[in-house]
Amino acid sequence: MEFKKINWPGLACSITAATLVALSILYAAPWWQLAIGDGLGQVEISPLDHKANLAGASIEIPLVWFLNIIGKLTLAACMVAMFIYSVSTQKPFSKKLLGFAYKKPLLILVLFAVILAVSAYVAAIFLGVNIPLNGTTTLSLSVGGADANIPISTSFTWVFWLAVATALLAIATKIYDWKILKVPSAKTYNTESEIAIQKTNPKHT
Amino acid sequence: MNLGTILVAISIIIVVGPIFSAVIVYKDNLIALVIPDIEELIDKIGDYFPNVEYVGYEIIDPESSFRVIFNVTNNSDEDFTINTINFSAYCSQHEEVFLGYGYGEGFPVTISGRSNRTVSFQITFPMQGQTHVETLHRGDTNFHATLKNVLVVVQGVEVKLGDEIDVGPIEIPP
């Protein structure tokens with residue numbers, strides 16, 4: 001293995017992606033969390049896991065569980081493909097692995113951000129309260145003659161920023177491949193012998 | 001098979017597989033796939049809030065204050081913290097007469113999951129309340145107070161109760 005031929009951002013991306021999957025499996029580590037009152041309720045979500053609890057009752061939405069499976073499998077596949085690509089950038093299949101892997105962390109991150117933003121918008125319409133994506137607010141409710149002021153705090157966790165780093169590293173991997181490694185496209189050169197010919201005679205097509 | 005085709009197949013299987021499994025598992029009740037069990041949720045939330053039972057009262061100072069005692073039972077597995085409780089007390093019989101104010105003693109109190117504990121409130125009478133009780137209720141064995149402006153802070157959530165709470169019968173010494 002030639003160290004100069006390793007795509008280092010890709011290797012780092014596969015490590016951070018593996019860390020995200022491991023954190024999810026071991027700790028169900030959330031990317032974003034919402035706390036209601038002082039332990040009255042909480043929501044902890046990520047594309048890989050979800051946990052919602054209100055007044056001691058766990059709120060289970062099976063569809064979200066299945067969507068989390070998609071998130072886990074997608075990130076795991078990205079991790080494997082990115083790792084194999086990163087250590088074998090000169091192989092004819094590497095471009096396809098890169099193409100398969102590099103968009104996925106960004107796609108997961110963008111989808112997660114969009115779902116969060118839409119949820120906050122829907123909450124603003126139906127509950128009449130602007131829930132910040134990162135901050136605190138107070139939800140005022142009147143129920144049965146009682147007025148309640150419910151403090152709500154939200155925050156992104158460090159795991160979210162690890163996911164951002166993973167998405168950026170994935171993009172950096174593509175740029176590194178394009179600008180630094182300059183690996184010939186697998187679509188043009190399908191076999192190692194053809195790549196070898198191209199290396200010795202760049203004008204050969 | 002071409003690697004590109006295999007990777008496309010993997011991408012499709014990763015997305016379609018879990019969705020297909022979800023539909024198969026919940027084929028008899030697809031609504032349950034997207035909506036949680038509301039009845040079970042309401043039952044669990046109902047269990048979370050403790051039962052409050054009036055136990056009695058004791059005189060602290062015959063002239064100026066007494067203590068109202070409640071037994072609070074936490075039926076949930078989670079700890080339950082009452083941060084503060086404040087209220088004003090009025091004479092039930094003479095509705096406009098302010099008797100005094102009350103507050104929870106030793107608050108905040110935390111009732112551990114699946115346990116109960118006694119919670120007490122001290123009601124203090126200012127001169128106006130003392131005069132009223134001495135003048136119109138001395139020796140009254142069936143004195144009732146009405147708690148108004150009840151402010152409860154539990155688990156960090158502030159609740160102002162609109163309903164009035166009747167406390168009694170309280171025996172006023174002759």
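The values are calculated or read from the model by the stated rules, or taken from the named source; none is laboratory data. Everything quoted here is computed from the prediction, not taken from an experiment. Heads up, the Cβs are rebuilt from the backbone with ideal geometry, glycines too, and the neighbour counts pull from every protein chain shown.
Every residue, every condition in (1) hydrophobic (A, V, I, L, M, F, W, C); (2) surrounded by 22 or more Cβ atoms within 10 Å (Cβ to Cβ); (3) at pLDDT 95 or above; (4) within 21 Å of B:G17 (Cα to Cα), yes or no:
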residue	(1), (2), (3), (4)
A:K4	no, no, no, no
A:A17	yes, yes, yes, no
A:L26	yes, no, yes, no
A:G41	no, no, no, no
A:L48	yes, yes, yes, yes
A:S58	no, no, no, no
A:K72	no, no, yes, yes
A:A81	yes, yes, yes, yes
A:P92	no, no, no, no
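Has region B:30-48 got any residue that is touching a residue at least 24 places away in the same chain (Cβ under 8 Å), buried (at least 16 other Cβ atoms within 10 Å of the Cβ) and touching a Ser or Thr at 6+ places or on another chain (Cβ under 6 Å)? Taking every residue of region B:30-48 in turn, at least one turns out to be touching a residue at least 24 places away in the same chain (Cβ under 8 Å), buried (at least 16 other Cβ atoms within 10 Å of the Cβ) and touching a Ser or Thr at 6+ places or on another chain (Cβ under 6 Å). When B:K44, B:K27 are screened for being among the basic types (K, R) and at pLDDT 85 or above, only B:K27 passes. Can you tell me which residue in region B:147-162 is nearest to B:F66 (Cα to Cα), limited to those that are among the aliphatic types (A, V, I, L, M) and more than 7 Å from chain A (Cβ to nearest Cβ)? Only one residue fits best here, namely B:L147.
The residues on offer are B:T124, B:T84, B:T146, and the sole one that is touching a residue at least 24 places away in the same chain (Cβ under 8 Å) and touching an Asp or Glu at 6+ places or on another chain (Cβ under 7 Å) is B:T146. The residues listed here are B:I59, B:I45, B:I38, B:I85; of these, the one that is within 14 Å of chain A (Cβ to nearest Cβ), under 30 Å from B:G139 (Cα atoms) and hydrophobic (A, V, I, L, M, F, W, C) is B:I85.
Taking the criterion of being more than 14 Å from every other protein chain (Cβ to nearest Cβ) and touching a residue at least 60 places away in the same chain (Cβ under 8 Å), the residues of region B:62-81 that qualify are B:P62, B:E63, B:S64, B:S65, B:F66, B:V68. In region A:126-158, of all residues being among the hydroxyl-bearing types (S, T, Y) and under 21 Å from A:Q33 (Cβ atoms), the one that is nearest to the chain's Cα centre (by Cα) corresponds to A:T157. Only a single criterion out of (1) in contact with a helix residue (DSSP H, G or I) (Cβ under 7 Å, 6 or more places away or on another chain); (2) farther than 30 Å from B:A9 by Cβ is not satisfied by A:C78, namely (2). From the list B:I60, B:I31, the lone residue that is over 14 Å from the mean Cα position of the chain (by Cα) and in the same structural domain as B:L161 (by TED's automatic domain parsing) is B:I60. Among the residues of region A:146-160, just one is surrounded by fewer than 18 Cβ atoms within 10 Å (Cβ to Cβ) and β-branched (V, I, T), namely A:T157.
Contact map, region A:37-66: residues that are more than 8 Å from every other protein chain (Cβ to nearest Cβ) paired with residues that are part of a strand (DSSP E or B) and surrounded by fewer than 17 Cβ atoms within 10 Å (Cβ to Cβ), Cβ distance under 6 Å, separation 6+ or inter-chain. Pairs shown: A:G41/A:L54; A:E44/A:K51; A:N53/A:Q42. For region B:130-148, does any single residue satisfy the condition of being of a type outside the set (G, A, S), buried (at least 18 other Cβ atoms within 10 Å of the Cβ) and closer than 23 Å to B:T81 by Cα? Looking for residues that are of a type outside the set (G, A, S), buried (at least 18 other Cβ atoms within 10 Å of the Cβ) and closer than 23 Å to B:T81 by Cα, one finds at least one in region B:130-148, hence yes.
For region A:1-52, the set of residues classified as touching a Ser or Thr at 6+ places or on another chain (Cβ under 6 Å), of a type in the set (G, A, S) and within 27 Å of B:V159 (Cβ to Cβ) consists of A:A35 only.
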